[in-house]
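Scroll down for the structure; my scribbles are underneath it.
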């Protein structure tokens, strides 16, 4: 006996055996409900074929061909993915708008006897929910922003804070980009804007609003991805801890963390070409000569002092100006970073530490100097 097909516009209020995205692989790759599996009833080529028939021949021919392809694909899924599902299996199914693609699979599964739920409005309902969440969720948390120039160890500090149980928002990891000219992950593209936002929502939903969130100061864009406005506003209003590291240690750390550019000097040169308009041919040629000579310490130092540091100060400094403490690191060793994370988690932002000199300026009021 066929089971009734349920429809919901609020699937996040319930639990399901599985969430099934029946859209094409390309649609799924752009963004999908986190944790959903992709069982397309039409793959990318088939979807294009049906669309072409619809436009160039007529809707009836397109629907007939589409039905044939959908039937074949559903039959394959029944013989493979659904073969071992028991009678209590209860999936949620969605397509783009909650139309024919999700209804076709739901009908067949209900005929088997499984309880099936279809997402009303499909992916568009989910996407609207993500946008609503990003308008309110970021404002529910208190942030502590690590501020400091490129190579000062902020990302590494986040790693050690996470190890010690802190809530850490690693925007660069989520965005697959380190947020600078040379920050792209080698061989790994950034996610789509929609996928980035889906990941952000899932991160916020698992956190406790009563605990602070640690995050690195970023611009409003990380690579090609935009931070949600509510999150950007919350970060620029948050208290900041300035992280400082000697220049030679910054250079050493950046060389260690960007080996792909050393291995691909021509690609590095091409990445630097847009800087010609800002700094002129002579300076760009100077950097190219250092690259050809493989004088990486001198190249990185000049790039920091002449490009990254001025850009950082002129850009982020005006947005992140609530400096409440300064953390001076001697190096980026594991011992130093663990100790620094411990200091940060103690949260002593209002009182000084014995033996640590106070700063002359009124802000920041506290300096932690690790030796």
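Every number in this text was worked out from the coordinates using simple rules, so none of it is lab data. What you see is a predicted model; the values in this text were computed from it and never measured. Every residue, glycine as well, gets a Cβ built from its backbone with ideal geometry; the counts of neighbours run over all protein chains shown.
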key: segment 22-120, relative contact order [Cα under 8 Å, separation at least 6], %   = 25 percent
query = To the nearest 0.05, what FRET efficiency results for residue 38 and residue 112 with a Förster distance of 25 Å applied to their C-beta separation?
reply = 0.75
Footprinting exposure proxy for 95, 240, 176 (fewest neighbouring C-beta atoms within 10 Å first) = 176, 240, 95
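Taking other Cβ within 10 Å of each residue's Cβ, how do 124, 211, 252 sort, fewest first?
211, 124, 252
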task = Taking 7 Å along the Cα-to-C-beta vector as the label spot, tell me the residue 220-residue 302 distance in nanometres, rounded to one decimal.
result = 3.4 nm
ask   = Taking the mean number of other Cβ atoms within 10 Å as a proxy for protection, how do you rank 216-228, 281-293 from highest to lowest?
value = 216-228, 281-293
inquiry  = Rounding to the nearest 10 and keeping the result within 0 to 90°, find how far the Cα-based axis of helix 59-79 lies from the longest principal axis of the chain.
reply    = 80 degrees
ask   = Roughly how many whole Å is it from the C-alpha centroid of segment 210-226 to that of segment 14-82?
value = 36 Å
remark   = Helix 122-136 sits off the longest principal axis of the Cα atoms of the chain, rounded to the nearest 10 on a 0 to 90 degree scale, by 30 degrees
remark   = Relative contact order in percent for segment 208-324 (Cα pairs under 8 Å, 6+ apart) equals 43 percent
key: Beta bridge orientation in segment 134-245: antiparallel %, DSSP, nearest 5   = 20 percent
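Mean separation of Cα pairs under 8 Å and 6+ residues apart, divided by the residue count of the chain: what relative contact order is that in percent?
Contact order relative to length: 16 percent.
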ask   = Sorted from fewest to most neighbouring beta carbons within 10 Å, what does the list 307, 162 look like?
value = 162, 307
query = If each of residue 237 and residue 159 carries a label point 7 Å out from its Cα toward its Cβ, how far apart are those two points in nm?
reply = 3.3 nm
message = How much length would be gained if the chain were fully extended between residue 289 and residue 128, taking 0.36 nm per residue of separation minus their Cα-Cα distance, in nm to one decimal?
response = 52.9 nm
ask   = So for the chain: antiparallel DSSP bridges make up what percent, rounded to the nearest 5?
value = 10 percent
key: FRET efficiency estimate (nearest 0.05) - Cβ-Cβ, residue 170 to residue 338, R0 22 angstrom   = 0.80
task = Pull out the extension gain between residue 273 and residue 255, defined as 0.36 nm times the separation in residues minus the alpha carbon to alpha carbon distance; nm, one decimal.
result = 4.5 nm
key: Length released on extending from residue 208 to residue 49, taking residue separation times 0.36 nm less the Cα-Cα span   = 52.5 nm
remark   = Between the alpha carbon centres of segment 150-166 and segment 190-209 the gap in Å comes to 19 Å
query = Given a Förster radius of 25 Å and the C-beta distance between residue 60 and residue 97 as r, what FRET efficiency does 1/(1 + (r/R0)^6) yield to the nearest 0.05?
reply = 0.75
